[in-house]
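Here's the structure we're looking at; comments come further down.
The values are calculated or read from the model by the stated rules, or taken from the named source; none is laboratory data. Just so it is clear, the model here is predicted, and its values are computed rather than measured. All Cβ positions, glycine included, derive from the backbone under ideal geometry; neighbour counts span all protein chains shown. To get the accessible areas, we keep the full protein, side chains included, count just its heavy atoms, and leave off ligands, DNA and RNA. Shrake-Rupley method; radii C 1.70, N 1.55, O 1.52, S 1.80 Å.
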Amino acid sequence: MKEDFKSIINGSMPVLVDFHATWCGPCKAQAPILKDVAAATKNKARIIKIDVDKNQGLAQKHQVQSVPTLLLFKNGQAVWRHSGVASKEQLIEVMTPHM
């Protein structure tokens, strides 16, 4: 990842972070949902994926116990957290007030 994680989440644009793993079945189910959410939120929010196996320190720092874990950041603060697969509707509902 070229951009620094901290600089990404510290922006005023909300950032949905998907902590996932390549071997995780539910993570694979979450991926197309995130693509739909990205299309629906266009330039109002950012979605990034973090592989917990390649970024263990980051996963520990944010207390990721299971995958997928979704965190929504606004101005560097985690404003929402969800473990497990989340629906497109749920994600858009959570993200909209922060956009």
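Observations on the model:
- Unmet requirement for residue 77, which otherwise passes all of (1) closer than 15 Å to residue 10 by Cα; (2) surrounded by 14 or more Cβ atoms within 10 Å (Cβ to Cβ); (3) not small (Gly, Ala, Ser): (2)
- The residue list 52, 79 contains one member that is within 13 Å of the chain's Cα centre (by Cα) and under 25 Å from residue 97 (Cα atoms), which is 79.
- The set of residues in region 14-38 that are out of contact with any Leu (no Cβ under 7 Å at 6 or more places or on another chain) and either charged (D, E, K, R) or farther than 16 Å from residue 86 by Cβ (or both) comprises 21, 22, 23, 28, 35, 36.
- All conditions in (1) modelled with pLDDT under 95; (2) open to solvent by less than 40 Å² (accessible area, probe 1.4 Å) hold for residue 3, with the sole exception of (2).
- Output for region 38-55, where each listed residue is of a type outside the set (Val, Ile, Thr) and closer than 11 Å to residue 21 by Cα: 49, 51, 53, 54, 55
- Matching option when the condition is under 22 Å from residue 93 (Cβ atoms) and of a type in the set (Ser, Thr, Tyr), among 22, 41: 41
- Filter pass, residue 58 being open to solvent by less than 50 Å² (accessible area, probe 1.4 Å) and under 13 Å from residue 92 (Cα atoms): no
- For residue 92, the criteria (1) within 11 Å of the chain's Cα centre (by Cα); (2) farther than 17 Å from residue 9 by Cα; (3) touching a residue at least 24 places away in the same chain (Cβ under 8 Å) hold in every case but one, which is (1).
- Candidates 18, 36 - the one that is crowded, with 17+ Cβ neighbours inside 10 Å, among the acidic types (Asp, Glu), under 14 Å from the mean Cα position of the chain (by Cα) and modelled with pLDDT of 95 or more: 18
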